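Before any comments, here is the structure.
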Amino acid sequence: MFTIIKFLFLKTTRLALLIAAVAVLSFVLVSNSPIDPVDAYAGAAILNISPEQRDIIAQRWGVDKPPIERFLTWAGQLVQGDFGVSAIFNEPVLDVISKRFITSFWLMALAWSFSGALGFGLGLTAGAWEGSLIDRGIRIYAYTMASTPTFWVGIVLLMVFSVFLSWTPTCCAWPIGMSADQATIWQRLHHLLLPVITLSLIGIAKITLHTREKTIEAMHSDYAIFARAQGESTIGIVLRQAVRNVALPAVTLQFASLGELFGGAVLAEQVFAYPGLGRATVEAGIGGDVPLLLGIVLISTVFVFTGNSVADFIYQLVDPRMRKVAGSSS
Amino acid sequence: MTTNLFSRSTPWDLRTRTLMTILACITFFAVIFISAWLYGEQGQVTNLGLRKLPPSWERPFGTDWLGRDMLARTLKGLRLSLSVGLTAAACSAFIALLFGLAAAMLGRTVDLIVTWLVDVGMAVPHLVLLILISFACGGGAKGVIIAVAASHWPSLTRVIRAEILQLRSADYIKLSRQFGKGPYWIARRHLLPHVIPQFVVGMLLLFPHTILHAAGLTFLGFGMSPHTPAIGVLLAESMRYLSMGLWWLAVAPGIALIVSVKVFDMLGNNFRALLDPRTSQE
């Protein structure tokens, strides 16, 4: 119990320091950008805006003040939980992010579970029968997927299933003309199908290769050889001995890959015009929406950090050896 | 696993086969660059009489909505994307070398700063970091290169730093210090020869990542305009014609990109096998 409190305390302190560092660095980056937020926001309509109107907008957003002063205001609000107002959505940044995050959450959660389960199964199979035809097939698939861009997989799936076969919709997270709460769960799932498959197909690669390595290691270990000497079959060794030793690193890896999952979601959402947090990131970057962009940077950092911490925590919780090491060092 | 292009049935030993694989990979890139150069302006020429032709023997990649030959455009896009990826990977690798050396050699404070920078660099999702930096640089091709170059060093820095830290406690380095050699002499004569192969392999293995990330960034609309047809731009444009059934606009450039990335990966792995003393004599 005491260890858990200590663990949480340490992690929270680290997170606070990390957030502070990321906030300072990303603020320095965006305030050095030659892109003028007012110009980027107005786009082609900038020609219709008089210099006075421009000044009013600049004043309202506070972009006419020097960077240090802006940073202090922004950081002061940030500490109070206020991320500012998004320029392109004209809503508080936190509202935009939370709404978008829920939409993205289902996409990421489904893809994360599928790729984890499938990748683990494929890795086990490939590792257990190392060098067999099925191992070679799985390996070729995983290595090819590791060098394939996510968005291209999305484009090909979109082309085959939405354009040629018309089985799946071509865009969005719910039927056009409806709002999020009007759509039924089946309509939502129907729209989720292709993005989830895209992310899963790519996400499988890493976990498969990793699990395969670990399985081969386990199959050559003393306990596996001993079990074989006692007459255990390959499947038996895999299910009774290897799985337990391979599962932990796989779970850890899956939790530690939330950053890549987020990146994949950005690309997949762009292909399928899925209105999630990833698409908001692209819109914020192209539209010059500084408060939203900074907000997303911070929130996604917390997201990745949480994943890594959960991975650490599971390690300590499940593996008694780790707990002992942690206990003796304290 | 090191992919080797040549099977065991050839009369060569593994070392020769690895060398031949490396040669084949380099030839592949030479062909891309030379043919992109030979095509000259042909990729940009619009020919409205030849619009939207599906792939055929004369035009293996088909033509687009303005009658431009897609093979020429793909080659040019590939050349552009590969150049961006190469430049960015080289920059990233140099940053990693400098930071890794500094962290391991210049004392505890510098080490703390560098490891902390590595942690911060890896804390933000990579694509979000890329978008942030490319925004900070004002977009454009320059923005893409800087973003990709400035975000790929953390993992290699870790590798190089760990390598040097391990070397520093080696007996012969300690002895060298006992003999009164200064840190710069040791760095140049003892450490660099060890680290350079790591650095070369690390740089080669960065290429696939930088190329894919540069393509991803341009696909999202950061940086390159339609006038600079990087492979990401070609794929982003193809999305607009998908509903009209022009499938070849997306398929061919995509496969060309995957093959290039895969060839780079193979190049890096074969180099590693050759440079690593444990595997070079097999």
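Given the structure, is B:ILE173 more than 14 Å from chain A (Cβ to nearest Cβ), farther than 30 Å from B:LEU14 by Cβ and either touching a strand residue (DSSP E or B) at 6+ places or on another chain (Cβ under 6 Å) or without any contact (Cβ under 8 Å) to a residue 60 or more places away in the chain (or both)? It is true that B:ILE173 is more than 14 Å from chain A (Cβ to nearest Cβ), farther than 30 Å from B:LEU14 by Cβ and either touching a strand residue (DSSP E or B) at 6+ places or on another chain (Cβ under 6 Å) or without any contact (Cβ under 8 Å) to a residue 60 or more places away in the chain (or both).
Identification of helices (runs of 4 or more DSSP H) wholly contained in region A:222-288 with 1 or more residues that are more than 14 Å from chain B (Cβ to nearest Cβ) yields A:222-229, A:243-256. With respect to the conditions (1) of a type in the set (Phe, Trp, Tyr); (2) open to solvent by less than 40 Å² (accessible area, probe 1.4 Å); (3) free of Cβ contacts under 8 Å to residues at least 24 places away in the same chain, B:PHE222 falls short on a single one, namely (3). Within region B:176-211, which residues are within 14 Å of chain A (Cβ to nearest Cβ) and either open to solvent by 40 Å² or more (accessible area, probe 1.4 Å) or assigned to a loop (DSSP other than H, G, I, E, B) (or both)? If the condition is that a residue be within 14 Å of chain A (Cβ to nearest Cβ) and either open to solvent by 40 Å² or more (accessible area, probe 1.4 Å) or assigned to a loop (DSSP other than H, G, I, E, B) (or both), then B:LEU205, B:HIS209 are the ones that fit. Taking the criterion of being assigned to a helix (DSSP H, G or I) and open to solvent by less than 20 Å² (accessible area, probe 1.4 Å), the residues of region B:61-79 that qualify are B:MET70, B:ALA72, B:ARG73, B:THR74, B:GLY77, B:LEU78. Does A:LEU165 satisfy the criteria of being open to solvent by 60 Å² or more (accessible area, probe 1.4 Å), more than 13 Å from chain B (Cβ to nearest Cβ) and within 28 Å of B:LEU220 (Cβ to Cβ)? Judged against the criteria, A:LEU165 is not a match.
Applying the criterion of being within 13 Å of chain B (Cβ to nearest Cβ) and under 18 Å from the mean Cα position of the chain (by Cα) to the residues of region A:102-150, the residue that is modelled with the lowest pLDDT is A:ALA146. Note on region B:80-169: enclosed helices (runs of 4 or more DSSP H) holding 1 or more residues that are buried (at least 17 other Cβ atoms within 10 Å of the Cβ), within 11 Å of another protein chain (Cβ to nearest Cβ) and among the small types (Gly, Ala, Ser) are B:108-123, B:126-136, B:140-149. The residue list A:LEU15, A:LEU29 contains one member that is open to solvent by less than 50 Å² (accessible area, probe 1.4 Å) and either at pLDDT 80 or above or more than 14 Å from chain B (Cβ to nearest Cβ) (or both), which is A:LEU15. When A:GLN182 is tested against (1) in a helix (DSSP H, G or I); (2) modelled with pLDDT under 85; (3) of a type in the set (S, T, N, Q), exactly one condition is not met: (1).
Number of residues in region A:106-138 that are assigned to a helix (DSSP H, G or I), open to solvent by 70 Å² or more (accessible area, probe 1.4 Å) and in contact (Cβ under 8 Å) with a residue 12 or more places away in the chain: the value is 3. Within region B:246-265, restricting attention to residues that are facing another protein chain (nearest Cβ under 9 Å), open to solvent by less than 20 Å² (accessible area, probe 1.4 Å) and more than 13 Å from the chain's Cα centre (by Cα), the residue that is farthest from B:HIS213 (Cα to Cα) is B:ALA250. Condition check for B:THR279 on (1) among the β-branched types (Val, Ile, Thr); (2) modelled with pLDDT of 80 or more; (3) touching a helix residue (DSSP H, G or I) at 6+ places or on another chain (Cβ under 6 Å): one failure, at (2). Filtering region B:212-219 for residues that are open to solvent by 50 Å² or more (accessible area, probe 1.4 Å) and either more than 9 Å from every other protein chain (Cβ to nearest Cβ) or free of Cβ contacts under 8 Å to residues at least 12 places away in the same chain (or both) leaves an empty set. Screening A:SER200 on (1) open to solvent by less than 40 Å² (accessible area, probe 1.4 Å); (2) within 11 Å of another protein chain (Cβ to nearest Cβ) shows it passes everything except condition (2). Every listed requirement among (1) more than 24 Å from the chain's Cα centre (by Cα); (2) in contact (Cβ under 8 Å) with a residue 60 or more places away in the chain; (3) away from chain B (no Cβ under 14 Å) is met by A:PHE71 save one, (2).
The values are calculated or read from the model by the stated rules, or taken from the named source; none is laboratory data. Just so we're clear, the structure is a prediction, and the values are computed from it rather than from any experiment. For neighbour counting, all protein chains shown are included, and Cβ atoms are generated from backbone atoms with ideal geometry for every residue, glycine included. Protein only, heavy atoms only, side chains kept; ligands, DNA and RNA dropped before computing areas. Shrake-Rupley method; radii C 1.70, N 1.55, O 1.52, S 1.80 Å.
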